[in-house]
1. In whole Å, what is the distance between the alpha-carbon centres of the stretch 484-557 and the stretch 53-79?
2. Quick one: length gained pulling K439 to L139 fully straight, 0.36 nm per residue minus the C-alpha distance?
3. For a quick check of your reading of the filter: which trypsin sites (Lys or Arg not before Pro) in the stretch 254-294 sit in a DSSP loop and have no more than 16 other Cβ atoms within 10 Å?
4. Quick check on the chain: helices-only [θ] at 222 nm, where DSSP H runs of length 4 and up contribute -39,500 (n - 2.57) each and the sum goes over total residues. Nearest 500, please.
5. Once the piece of chain linking Y873 and M354 is laid out straight, how much longer is it, given 0.36 nm per residue of separation minus the C-alpha distance between them?
6. Considering only protein heavy atoms and a 1.4 Å probe, what is the carbon-and-sulfur percentage of the accessible area of the chain?
7. I'd like the distance between the alpha-carbon centres of the stretch 771-821 and the stretch 84-124, rounded to an integer number of Å.
8. Once you've got the Cα coordinates, tell me which of K460/K530; K696/K755; K761/K804; K754/K816; K387/K615; K198/K344 are over 29 Å apart.
Amino acid sequence: MLLTKLHIPPTSQNIVPRPELYEKLNNGLTRKLILISAPAGFGKTTLLSDWISQQNIPTAWFSVDKADNDPVEFLSYIISGIQNIHKEFGESALRLLKSPNRPTCESITDLLINEILNIKENFLLVLDDFHLIIDRDILELVSYLLEHISGNIHIVILTRSDPTLPVARLRSQNQLVELRLTDLSFSASDISILFNKKLKLGLSVDDIYSLETKTEGWIAGLQLTALSMQGREHISEFIQFLKGDNRYIMDYLMEEVLKIQSDEIKEFLLQTSILEQMSAPLCNSLLNRNDSQIILETLEMNNMFVIPLDDERNWYRYHHLFAELLRQRLQLRDKDVINALHNKACEWFEQNNMNEMAIGHSLEIKNYKKCIQLLGREAEDMWQNGKHTAILKYGSMLPDELIKTNTEFCLYYSWILISSGQNQKAEPFLESAELNIKKIIHGGNLTKDNIQYHRKLLGKISVAFAYLKSNEEHSGDIYDYCRTAMENLSDDDPFWYSWAWFSYGIAYFSNGSLLESSTSFNKAFEYSKKSGNIYLISTIAIRMAENEQQLGHYKSAFNKCSDLLAIMKDKGFSEIAKAEWTYAALFLIMGITEFMWADLDRGYEHIKIAYDLSKKGKDIYLRIFILMVYTVMLREIDEVESEMKSIELEDLMKQTDTHSFLTTMYFGWKIHSFLEKGQIEQANTYVSEYGLDLDKNKSYSNESAYAAYANLLLAQSKLDEAELLLSELYVLADEGNRVEKMIGLKIAYAILYKKKSNHEKAVANLIEAMEMAAGENLLYYFLMYRHLTDDLLKEIFRVQAVTKTKIPQKFFDDLKAALERWNKHKKTNVGIDLSSRELDTLKLIAQDLSNQEVADKLFISLNTVKTHLKNIYSKLEVDNRAKAVTRAKELRIV
């Protein structure tokens with residue numbers, strides 16, 4: 001981080017007071033935004049710096065440059081700037097930002113807004129040169145900040161052009177103070193003060209008005225004019241000679257200013273113009289001299305557009321407009337001369353451990369070989385500190401074949417590509433990294449330390465490969481990469497060691513080996529806590545909970561989610577969990593668990609949070625899975641909404657190239673939907689299209705599809721086929737110790753034997769299902785199939801009332817209460833014979849939707865809606881909409 005960017009520029013001794021502008025700025029202390037927008041050279045920075053100094057306002061100043069088009073860099077500078085006022089501000093957010101795995105910047109912004117609420121005094125956040133920000137994410141972030149900040153913080157934006165921010169809305173809300181070119185331009189009075197009172201040049205009134213007309217109050221032009229007048233006898237003639245627009249005048253004045261400098265100073269100005277910021281040692285190295293500090297201080301004293309960047313006068317920069325004009329003149333020289341200057345600057349920055357500045361100079365002259373060499377050294381630090389946007393930017397600028405020569409950059413570049421879903425692009429770079437490192441290790445001639453370093457690097461590459469493979473359909477390669485990772489990594493690096501164990505857990509989980517995955521996830525979790533990376537801790541904890549759920553350990557799964565939320569709260573990150581899309585899975589697990597416990601209200605609340613969060617993220621697979629659960633839950637609450645979400649799910653599936661595991665789950669969901677609606681023929685057609693066959697191999701990855709198929713066979717009373725399929729599926733679930741699946745299959749067996757008129761076996765299988773479910777209080781399956789097992793349940797309840805069973809009384813009490821509660825949730829039509837479409841229409845008119853809106857929602861014609869309404873009025877014995885809704889509420893239909 002360049003702390004010079006956070007330095008408030010000092011005011012010069014020749015500052016012209018602007019009381020009318022100060023008054024406008026004072027009004028900004030009651031607004032959210034002060035916008036100072038004007039072209040270069042109109043004194044924006046000087047005016048604000050002088051006002052801040054006079055008013056003694058606490059200020060966080062951030063001088064933006066092009067490199068700050070990275071949300072992590074941008075937020076880091078804002079936090080560091082505010083820390084100059086409040087030392088403890090944003091520490092937790094900064095830790096999150098500067099980590100290899102982190103929440104989104106929007107979530108971190110929420111954290112900062114909450115921390116700002118704890119600051120009691122008014123302060124300014126100044127963003128200078130904001131026109132250099134073109135990154136859409138940053139612009140959205142600043143818009144969000146402006147919308148949500150409290151009244152004690154006032155954002156000041158200095159820019160050459162209006163930013164893409166909600167300026168019009170802030171203006172309409174009286175939350176904006178703006179200064180523009182017409183406000184900033186020097187009047188004749190201002191020009192008189194500058195030239196006569198400050199610079200003692202003795203201009204006549206006519207000269208002053210002539211300057212005002214020719215420069216249109218352009219302050220930079222006026223300052224250059226003043227510099228050009230030094231040593232001149234005929235000032236009035238010089239002023240009269242000025243003509244043309246501002247750019248022409250600027251070019252002319254620049255030539256005049258350079259003419260009156262010594263050759264030595266002229267060369268200093270031109271050659272140092274390649275530097276974004278400069279210090280005396282840097283300039284000495286660049287120009288082979290030893291007096292640069294004296295020159296820089298002299299230039300500042302003579303108002304030569306040199307701005308100090310710290311109080312000690314160690315670092316300086318040129319005024320941006322002055323630097324642009326100098327560089328234009330330097331570009332007229334031989335290209336080799338300019339390249340030599342950049343190479344010297346690159347070498348100095350490299351020697352002084354300012355590698356990112358060195359990289360900038362190597363890129364400027366397309367010295368890509370030097371650039372990749374520097375990036376190889378910096379890549380790990382950049383990755384660990386969350387500078388992923390910068391790594392992606394460099395990766396896009398450099399030739400692929402050159403990138404492949406650098407193992408370190410390949411590794412971290414690939415990791416970020418995988419994280420952003422670009423697996424195919426990442427794999428060739430990882431393959432090159434693996435090939436490079438193996439050649440080095442097997443080539444010999446390495447010291448003990450070098451061998452250890454390269455073996456550790458091989459371990460990290462193997463973890464990255466396992467990460468890559470975990471996003472693909474299950475592959476045996478993932479185990480090989482996990483083994484290689486474990487052989488080359490050790491617990492002295494808990495972050496990478498945790499990832500290695502986590503990769504093993506993913507491999508076992510994908511293969512249905514849940515006990516092995518549980519062991520691996522637990523080890524990964526222990527090391528993740530040692531790493532302190534909250535994102536890694538969260539990722540593993542959520543996976544552990546999912547694994548526990550698959551094993552039927554719902555209480556443990558729920559507790560792991562609750563424990564994670566407690567950890568987040570303890571570390572001050574509770575708001576992150578509510579706003580960050582990667583925590584959608586956590587709320588999904590909690591919602592599913594509560595659903596299994598028949599707590600419909602809380603389950604719905606958590607699934608709704610999961611659904612809303614998933615829409616913010618890039619994980620399409622997670623969103624699809626959440627929608628599957630959400631639609632099933634909504635069938636018990638709101639069938640119309642469930643239908644709407646089902647359409648959304650089906651649209652997503654059409655747009656997505658999903659892997660087979662998710663596809664089979666979707667198949668199971670689809671068959672279940674058909675069965676719910678009694679659409680047997682459609683279900684059979686779907687089975688044929690999908691290619692399910694009783695003779696095909698059954699596995700963990702396709703058991704969801706076959707379990708749904710078994711229910712379809714039962715619905716058609718194809719009992720022998722159903723029994724054969726259920727037996728295969730039960731053996732598979734039993735081998736994997738997947739209790740949840742076993743419960744569902746036992747209930748299916750109960751239905752099978754009921755259809756076969758084998759009452760005893762039907763009851764026995766349902767009791768076995770209850771015995772498996774009782775420990776975790778898993779009620780949902782019994783509720784789901786209640787219309788098929790109602791008589792069996794009543795018999796078991798009767799027997800249980802007089803005979804002791806292995807099943808706890810609490811389970812029976814909870815199940816009875818849930819059955820009663822869920823039947824109420826269904827809100828049956830109490831003898832009113834409404835069709836499902838008529839019921840859907842009734843629910844929508846209860847929301848005060850027009851006939852056309854109802855038609856759009858249900859994808860039917862307007863005439864069909866009118867027909868449904870006519871039938872509803874007849875059946876409810878009413879004659880208009882309002883009475884129909886009132887009557888429906890009385891009957892608890894809506």
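1. The stretch 484-557 and the stretch 53-79 have Cα centres spaced 39 Å from each other.
2. 103.5 nm
3. Answer by residue number: R289.
4. My calculation for the chain gives -21000 deg cm²/dmol from helical runs alone.
5. Gain on stretching Y873 to M354: 179.0 nm.
6. About 48 percent, which is the carbon plus sulfur part of the accessible surface.
7. Between the Cα centres of the stretch 771-821 and the stretch 84-124 lies a distance of 51 Å.
8. K198/K344
The values are calculated or read from the model by the stated rules, or taken from the named source; none is laboratory data. Note that the structure is a prediction, hence the values are computed from the model and not measured. Note that we place each Cβ from the backbone using ideal geometry, even for glycine, and neighbour counts take in every protein chain shown. When the accessible area is computed, the model is the full protein with side chains, heavy atoms only, and any ligands, DNA or RNA have been set aside. Shrake-Rupley method; radii C 1.70, N 1.55, O 1.52, S 1.80 Å.
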